[in-house]
Amino acid sequence: MSLSEMFTSLIFILCSVIAPLLTDEEALLPAPQNISILSTNMKHFLTWSPVTVPGETVRYSVEFQGEYERDYANEIWIPISECSLIIVTQCNVTDDISATVPYNLRVRANLGSRGSKWSTLKVLFNRITTFLTPPVMEVSADGYHLLVKLENLGPAFQFHIFYWRKGQESWVHKKTVKEISSVVHLDTMEAGAEYCVKAQTYVEAINRSSNFSQTHCVRGPDGGRSIWMMTVMVSFVGFVVGVLALPFLAWKMSQIFQYSCCPVVVLPDTLVISLSSLLFLGCCIFRGRKRLSE
Ligand SMILES: *[C@@H]1O[C@H](CO)[C@@H](O)[C@H](O)[C@H]1NC(C)=O
Ligand SMILES: *[C@@H]1O[C@H](CO)[C@@H](O)[C@H](O)[C@H]1NC(C)=O
Ligand SMILES: *[C@@H]1O[C@H](CO)[C@@H](O)[C@H](O)[C@H]1NC(C)=O
Ligand SMILES: *[C@@H]1O[C@H](CO)[C@@H](O)[C@H](O)[C@H]1NC(C)=O
């Protein structure tokens, strides 16, 4: 073996020892684990377990691939700019999942010039699987108006509102609300009746509904109007009876006092002047005059 051959071998051995060390150095960063999608109410987040390197800040970058990229664009991946070299282990991918088709997502860790391999979702994500929560709502009565307030979940959401008069469950009304401005007026209530409301969200883009919210019931004003009406009616009847009865009473009294008065001419000071005493006085004067003229 010549010197040059020995030298070449030495370099070869050195290279074969050092090269793997170098590539090991490059591959030192492990790929993020436990990559998954959390999707609730059409808001989608990619999450993963952190890659920890003591004393260092690991960064992450996320890319996605829709059906189009996968099938018609050479399987290219599109970087998500909001999730490029981020330090948190979550990426909001809501705006990137824009169609109801299967999406693939991947993430890798970076530390300086070192990067990890990509970690890819095990199962493609379709937003049709989003978890729809029952709507948060407030039911109230404003006078005779049955009102409901729903949380605003954005333009993709509609609400199916069902309401009925308690005890008349077979007669359920349905109202669909597309845009929640503030408070929705459902109906005018009958006095003293109790009304119940439940609702579910509906997302047209995926043709799916949430479960129903809990049922909330409210009672209309407690017959306030009918009591007022009754009071008015009773007062009116009383007034009519009074008006009709008064002349009769006056006539009857004059009949009674016609024969029982006259000895008393001067009334005691303590006597309260009432209608009857006035009538009494009137009839006495009348009788007195009558007697005088006889
Ligand atoms: C992945 O999740 C499992 C269970 O939640 C946990 O035990 C494991 O430590 C996680 N892996 C990493 C790399 O954090
Ligand atoms: C995620 O992105 C969507 C769409 O841009 C936005 O409406 C939502 O508020 C974001 N959520 C969070 C927690 O940042
Ligand atoms: C939505 O789903 C229902 C069944 O849950 C189905 O009857 C209806 O045809 C679907 N509508 C559309 C537009 O796909
Ligand atoms: C809807 O309700 C059913 C039965 O109560 C339950 O099993 C299911 O998990 C609920 N679905 C959602 C999306 O909350």
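The values are calculated or read from the model by the stated rules, or taken from the named source; none is laboratory data. Quick caveat: nothing in here was measured; it's all calculated off a predicted structure. With ideal geometry, Cβ positions are generated from the backbone for all residues, glycine too; neighbour counts draw on all protein chains shown. With ligands, DNA and RNA removed, areas are computed over all heavy atoms of the protein, side chains included. Shrake-Rupley method; radii C 1.70, N 1.55, O 1.52, S 1.80 Å.
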Legend entry - the range 191-201 - phi-based ³J(HN,Hα) in whole Hz, Karplus 6.51/-1.76/1.60, Gly and Pro as x: 4, x, 8, 9, 10, 10, 9, 9, 8, 9, 8
Legend entry - Relative packing of peptides 72-80, 168-176, 119-127 - highest average C-beta neighbours within 10 Å first: 119-127, 72-80, 168-176
Inset, instruction - Starting from the Cα of Ser140, move 7 Å in the Cα-to-Cβ direction to define the label point; list residues of the range 179-215 whose amide nitrogen is under 16 Å from there. - result: 181-187
Inset, instruction - Starting from the amide H of Lys166, placed 1.01 Å from N in the peptide plane, find each other amide H under 5 Å away whose residue is 5 or more places distant or on another chain. - result: Glu194, Tyr195, Cys196
Inset, instruction - Would you mind working out the magnitude of the charge dipole of the range 137-222 relative to its Cα centre, with +1 at each Lys and Arg C-beta and -1 at each Asp and Glu C-beta, to the nearest 20 Debye? - result: 240
Legend entry - Proximal lysines relative to Lys149, as straight alpha-carbon distance under 16 Å, when same-chain residues fewer than 8 apart are discounted: Lys174, Lys175, Lys178, Lys198
Inset, instruction - Starting at the first residue of the range 76-83, write each ³J(HN,Hα) from the Karplus equation 6.51 cos²θ - 1.76 cosθ + 1.60 with θ = phi - 60°, in whole Hz, x for Gly and Pro. - result: 6, 10, 10, x, 9, 5, 5, 10
Legend entry - Three-way shape call for the range 19-129 based on the alpha-carbon gyration tensor, with the a/c threshold at 1.5: prolate
Inset, instruction - Using DSSP, restrict attention to beta bridges with both residues in the range 98-160 and report what percent are antiparallel, rounded to the nearest 5. - result: 100
Inset, instruction - Let me have the relative contact order for the range 15-144, percent, based on Cα pairs under 8 Å that are six or more residues apart. - result: 31
Legend entry - Accessible area per residue, Å², the range 137-222 with all protein chains present, probe 1.4 Å: 56
Legend entry - Förster radius 45 Å - calculated FRET efficiency between Lys175 and Glu75 (Cβ-Cβ, nearest 0.05): 0.45
Inset, instruction - Would you please classify the overall shape of the range 84-130 from the alpha carbon gyration tensor, given that a ≥ b ≥ c denote the square roots of the eigenvalues, rounded means a/c under 1.5, and beyond that prolate means a/b larger than b/c while oblate covers the rest? - result: prolate
